[in-house]
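Okay, so here's the structure we're looking at.
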């Protein structure tokens with residue numbers, strides 16, 4: 001169905017010339033999401049997809065899960081939001097529909113811990129960061145500067161890992177954080193410390209937490225998650241229940 005859909009996109013004026021492989025992959029994954037070729041054309045209009053849309057992905061480090069879905073390594077925090085959007089898009093997602101969430105969680109890209117580069121800047125500088133098919137990001141902390149002191153990125157992760165805004169932080173400090181993320185992605189298994197049944201289901205769960213951060217705002221989310229309810233009782237925690245207990249591996 002890929003080539004007939006490419007033909008429809010060309011006929012609709014959404015494509016001029018030959019598409020690159022990223023464009024074709026976007027068509028494949030968007031069809032795989034259950035849309036018809038005609039609906040893919042509608043998505044191209046809504047998302048503004050052209051032959052040049054995926055140019056920023058050229059030459060970047062890409063890891064693939066067992067199902068072939070691409071995850072894109074973020075090595076420049078200035079491009080973190082752009083790469084997160086493109087990774088969601090190429091995997092058949094609709095990043096325009098998630099931009100309001102990203103706007104409300106903009107401190108993940110442009111404030112607080114990482115100053116003008118946001119939390120993404122801290123993750124890139126002191127660990128590794130990868131954009132996921134959910135349109136969110138996955139981070140692992142680098143090694144410890146001192147044996148008794150965790151990497152600063154790891155200060156913000158607990159138990160099975162923690163989502164802050166748009167970034168899910170794997171719990172722990174690692175000598176080679178990029179390798180930890182690569183093996184996690186390629187195996188499709190839960191990251192170290194997590195009890196989730198798979199990486200894909202964990203990311204789905206954590207994306208809901210990103211939506212909650214956006215809904216409540218920074219201070220109110222922390223209050224609701226840590227003060228108003230007991231985070232040590234996830235089966236009774238309304239925010240965890242909303243995110244999907246089974247996807248996180250909670251046994252209730």
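Throughout, read-outs are computed from the coordinates displayed, never taken from laboratory work. Treat the numbers as computed from the prediction; the structure is a model and nothing was measured. Here the Cβ is made from the backbone with ideal geometry for all residues, glycine too, and neighbour counts use every protein chain on show.
Okay, here's what the table says:
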{"read-out": "Taking N as its residue count, the alpha carbon Rg of the chain over 2.2 N^0.38 Å", "value": "1.03"}
{"read-out": "Ranked list, fewest to most other Cβ atoms within 10 Å of each Cβ, for 109, 216", "value": "216, 109"}
{"read-out": "Packing-based exposure ordering (other Cβ within 10 Å, fewest first) of 89, 245, 199", "value": "245, 199, 89"}
{"read-out": "Dimensions in Å of region 28-129 - Rg and Dmax from alpha carbons", "value": "14.8, 44"}
{"read-out": "Residue exposure sequence - 242, 25 - by fewest surrounding Cβ within 10 Å", "value": "242, 25"}
{"read-out": "Centroid-to-centroid separation of region 73-101 and region 169-206 [C-alpha atoms, Å]", "value": "19 Å"}
{"read-out": "Shape parameters for region 11-59, alpha-carbon atoms, Rg then Dmax in Å", "value": "10.5, 31"}
